[in-house]
Amino acid sequence: MPELFHQPVAALADQLAAKKLSAVELMQAVIARTEAVESRVKAFNSFDAADALARARASDERRAAGQSRGPLDGIPVGLKDVISVAGQPLTASSKMLANFVSPYDATVTRKLKEAGAVCWGRLNLDEFAMGSSTENSAFKTTSNPWDLARVPGGSSGGSAAALAAGEACATLGSDTGGSIRQPAAFCNVVGMKPSYGLVSRYGLIAYASSLDQIGPFGRTVEDAAIVLGAIAGHDPLDSTSFKTEIPDYRAELSKRRGPWKLGVPKEYFGAGLDPEVGAAVQAAIDYYRKLGCEIKEVSLPHTQYAIATYYIIATAECSSNLARFDGIRYGHRSAKANDAIDIYFHSRAEGFGAEVKRRIILGTYVLSSGYYDAYYLRAQKVRTLIRQDFLNAYREVDAILTPTSPVPAFKIGEKSDPLAMYLLDIYTIGVNLAGLPGASIPCGFTRGGLPIGLQIIGRPFQEADLLAIAHAYEQGHAWHTQHPKL
Ligand code: GLN
């Protein structure tokens, strides 16, 4: 049996239910582990051990009274530091919000609490979720637990690294262009971005509202299914939240057995794909064939425009969303300021980091009169074509298999050019532009010992199928049982 802090939620829940383990013991083990490794991993912006232990104690009391709330009751779940937890800091890893405390719970936080989970810690990210490495955090760069000199991915790098390092039992991230799936791939954990509208965004600090979704990280597909089941569902507080039946994702894992028709998009296996990543993903595709699945080549012909389209739409939306951080309504207020214009100017100059400023400027430009039609409007049209590509493919296949990232985790400091960093999002951003569900699951390691992720992209709101397809692969492999040596 692995150490407590490396066990899946499903296994921990069984021990809690059988009273072989208490929530307080589990929380203590996770706190001790965090204290032992956090100085090297640097996944947390903050954590509140006293609050977590009090909530674990309450979970034990519920269980003793026969009122357990299910598999998440007493499980420490870490939250990316853009998801509100009442009374806890909420920084978005930005100086702008360095001293901000959430006045209320996000809907996902409320739902986790209702399921009995112990919300544990505020996890590091690229400032305002803009980036792919956590290097854009104003506070610290998180290290990849598999190689501390490398990035954990981003922007939810803290969420992936904390889970991989045993500093939480599951975590939540947000995914606007890959920010759950890419760090999951880099850190050998499961990460899932739900369909747009499945999970409420209420209480999530907005980056690009038409793309943002909150989703789970887990050690196994089953764990991701458990957490997704807890956070999914319609919410009147988010006007883009979708009314749909939420199946029991966990129970469906073993009920849906395929064989499935799986598509492999030729545009996702071209130049820039690391050969070791390509080989691992090819081996995963071959495994599905052995399971009896039909593998079909499909085409997503507008893939080549996805990066440009995403970086127009995402920056346009961010320039609007981040306007509220002006030193008056929200955020850091400069001491240098004398009048209102000065307050805006100095507060935003001091509060935002370089990447956030770059995107606000880009986004303001593509929305400005005279350029709006050429950039923003055209990008919206191409976005429709990209979605149509996927829907065309889904006439023939049930899901699509691709690499999650063209490369494994890179060295901290290695990608200094912003464009080089943007190009790494090539396989994940189409999913957000099309509003689809996508998951990354562990599918191997490079010769140098770095994790590799397989991306599975599903039909809109068919998360149950997507998770069952991922589970079928996981059942035949042991990659996810490997842990970094820290
Ligand atoms: N890397 C992408 C970006 O920088 C995606 C980030 C995200 O999904 N939050 O915008």
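Summary of values
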item: From GLY70, GLY78, GLY66, GLY87, residue being more than 27 Å from LYS140 (Cβ to Cβ) and touching a helix residue (DSSP H, G or I) at 6+ places or on another chain (Cβ under 9 Å); result: GLY70
item: Residues located in the stretch 180-200, provided they are open to solvent by 10 Å² or more (accessible area, probe 1.4 Å) and without any contact (Cβ under 8 Å) to a residue 60 or more places away in the chain; result: none
item: From ALA43, ALA98, ALA36, ALA56, residue being open to solvent by 50 Å² or more (accessible area, probe 1.4 Å) and either under 23 Å from ASN188 (Cα atoms) or in contact with a strand residue (DSSP E or B) (Cβ under 9 Å, 6 or more places away or on another chain) (or both); result: ALA36
item: Residue in the stretch 46-89 that is nearest to the chain's Cα centre (by Cα), counting only those that are free of Cβ contacts under 8 Å to residues at least 12 places away in the same chain and in a loop (DSSP other than H, G, I, E, B); result: GLN67
item: Yes/no for SER94 being within 19 Å of the chain's Cα centre (by Cα) and among the polar types (S, T, N, Q); result: yes
item: Test: residue in the stretch 404-412 that is out of contact with any helix residue (DSSP H, G or I) (no Cβ under 6 Å at 6 or more places or on another chain) and open to solvent by 60 Å² or more (accessible area, probe 1.4 Å); result: yes
item: Elements of type helices (runs of 4 or more DSSP H) contained in the stretch 334-441, each with 2 or more residues being away from the ligand (no atom under 16 Å from the Cβ); result: 340-351, 354-367, 378-393
item: GLN282, sole failed condition from (1) surrounded by 13 or more Cβ atoms within 10 Å (Cβ to Cβ); (2) touching a residue at least 12 places away in the same chain (Cβ under 8 Å); result: (2)
item: So VAL82, is it closer than 18 Å to ILE180 by Cβ and either crowded, with 16+ Cβ neighbours inside 10 Å or out of contact with any strand residue (DSSP E or B) (no Cβ under 6 Å at 6 or more places or on another chain) (or both); result: yes
item: Filtered residue count, the stretch 436-460, keeping only those that are surrounded by fewer than 21 Cβ atoms within 10 Å (Cβ to Cβ) and either under 23 Å from ALA230 (Cα atoms) or modelled with pLDDT under 95 (or both); result: 2
item: Any hit, the stretch 438-450, residues being touching a Ser or Thr at 6+ places or on another chain (Cβ under 8 Å) and more than 13 Å from ALA184 (Cα to Cα); result: no
item: Residue identified as over 28 Å from the mean Cα position of the chain (by Cα) and either at pLDDT 95 or above or within 30 Å of CYS443 (Cα to Cα) (or both) among ALA280, ALA337, ALA349; result: ALA349
item: Residue within the stretch 109-121 that is open to solvent by less than 10 Å² (accessible area, probe 1.4 Å) and within 16 Å of the ligand (Cβ to nearest atom) present; result: no
item: Failed item in (1) more than 22 Å from ILE214 (Cβ to Cβ); (2) crowded, with 21+ Cβ neighbours inside 10 Å; (3) not small (Gly, Ala, Ser), with ASP417 passing the rest; result: (2)
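The values are calculated or read from the model by the stated rules, or taken from the named source; none is laboratory data. Being a predicted model, the structure only gives us computed values, none of them experimental. We place every Cβ from the backbone using ideal geometry, glycine too, and count neighbours over all the protein chains shown. The accessibility values were calculated without ligands, DNA or RNA, using every heavy atom of the protein model including side chains. Shrake-Rupley method; radii C 1.70, N 1.55, O 1.52, S 1.80 Å.
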